[in-house]
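Chemist: Sharing a structure with you now.
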Amino acid sequence: MPVAARADAPLRIGTIGAGHVGSTLGGLWVRAGHPVMFSAREIAGARSVATGLGPLAQAGTPQQAARFGDVVLLAVPYGALPAIGAALHAALAGKIVIDACNPYPWRDGDVARQAREQGAGVTTQSFFPGAHVVRAFNSEDMSTIDAEAHRTPPLLGIPFAGDDPAATRIVAGLIRDAGFDPVAAGPLSAARLFQPGAPGFEADLTAPELRRRLGLPS
């Protein structure tokens, strides 16, 4: 898909991971009219998620989801990203990759320590050369996402960061489609503002409040 595709057009979305993160976000996008292919290490788990979401939802392997998606969501433990990148980076070259994964050293080891030090967005991009990585949806617990989607305005603000303007525009549209107010934090290096331990992590704020918290222009 050319990364300059319209942000308001239906997009084919693949999820790498069909747990709490993948199922929650994928379900919101299905309900917004986007075709979604859920994938997991065991395809039975992906099929379980897709069942009941209607004809726009289907299940596949991670390789199939990577090929299917115009946009691909990473929704796995952060420690899995190096192996996923090695397996899928060729299929994801030129595509928008939404990184919703958070690095926790106690769970993910050295790669998490690296991500916490240099910034998770920059680290993720190194595993997916050629992809347009955008950090988004990592800043809130999925129970909050599920409860607050499409709430009565003012909507919950969701920060995102990426280096490609067209990719970030499309991701901003997907944030709106999921029922939230997108907050552009800047380039991918700015994603450290809303990774674990940073001021924007689990902030639970409206967009204007979040911009003030992150020191961004109004």
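Chemist: Looking at the stretch 56-74, is at least one residue surrounded by 24 or more Cβ atoms within 10 Å (Cβ to Cβ) and on the phi > 0 side of the Ramachandran plot?
Modeler: no
Chemist: Residues being open to solvent by 10 Å² or more (accessible area, probe 1.4 Å) and either assigned to a helix (DSSP H, G or I) or farther than 19 Å from residue 30 by Cβ (or both): count how many of those fall in the stretch 75-89.
Modeler: Here the count works out to 10.
Chemist: Does any residue in the stretch 22-35 that is more than 11 Å from residue 100 (Cβ to Cβ) and among the aromatic types (Phe, Trp, Tyr) come within less than 8 Å, Cβ to Cβ, of a residue that is open to solvent by 10 Å² or more (accessible area, probe 1.4 Å) and part of a helix (DSSP H, G or I) six or more places away or on a different chain, and which pairs are these?
Modeler: Cβ pairs passing all conditions: 29/177.
Chemist: So residue 105 ticks every box in (1) closer than 16 Å to residue 191 by Cβ; (2) without any contact (Cβ under 8 Å) to a residue 12 or more places away in the chain but one. Which box is left unticked?
Modeler: Looking at each condition in turn, residue 105 falls short on (1).
Chemist: Report whether or not residue 217 is open to solvent by 10 Å² or more (accessible area, probe 1.4 Å) and either in contact with a Ser or Thr (Cβ under 6 Å, 6 or more places away or on another chain) or modelled with pLDDT of 95 or more (or both).
Modeler: Numbers: open to solvent by 10 Å² or more (accessible area, probe 1.4 Å): yes; either in contact with a Ser or Thr (Cβ under 6 Å, 6 or more places away or on another chain) or modelled with pLDDT of 95 or more (or both): no.
Taking the combined requirement at face value, the residue does not satisfy it.
Chemist: Then there's this: Checking residue 166 against (1) part of a helix (DSSP H, G or I); (2) crowded, with 24+ Cβ neighbours inside 10 Å; (3) of a type in the set (A, V, I, L, M), which test does it fail?
Modeler: Checking residue 166 against (1) part of a helix (DSSP H, G or I); (2) crowded, with 24+ Cβ neighbours inside 10 Å; (3) of a type in the set (A, V, I, L, M), the one that fails is (2).
Chemist: From (1) under 19 Å from residue 17 (Cβ atoms); (2) open to solvent by less than 20 Å² (accessible area, probe 1.4 Å); (3) outside any loop (DSSP other than H, G, I, E, B), pick out the condition that doesn't hold for residue 140.
Modeler: Only one criterion is unmet by residue 140, namely (3).
Chemist: Next question. Can you work out which of the residues in the stretch 90-112 that are assigned to a loop (DSSP other than H, G, I, E, B) and aliphatic (A, V, I, L, M) is least open to solvent (accessible area, probe 1.4 Å)?
Modeler: The extreme case among them is 100.
Chemist: Any idea which of 160, 194, 137 is in contact (Cβ under 8 Å) with a residue 40 or more places away in the chain and touching a strand residue (DSSP E or B) at 6+ places or on another chain (Cβ under 6 Å)?
Modeler: Going through 160, 194, 137 in turn, just one is in contact (Cβ under 8 Å) with a residue 40 or more places away in the chain and touching a strand residue (DSSP E or B) at 6+ places or on another chain (Cβ under 6 Å): 194.
Chemist: Oh, and also: Quick check on the stretch 120-132. Is at least one of its residues touching a Lys or Arg at 6+ places or on another chain (Cβ under 6 Å) and in contact (Cβ under 8 Å) with a residue 60 or more places away in the chain?
Modeler: yes
The values are calculated or read from the model by the stated rules, or taken from the named source; none is laboratory data. Because the structure is predicted, anything quoted here is derived from the model rather than measured. No Cβ is skipped: glycine too gets one built from the backbone with ideal geometry, and neighbour counts run over all protein chains shown. In case anyone asks, the SASA skips ligands and DNA or RNA and just uses the protein heavy atoms, side chains included. Shrake-Rupley method; radii C 1.70, N 1.55, O 1.52, S 1.80 Å.
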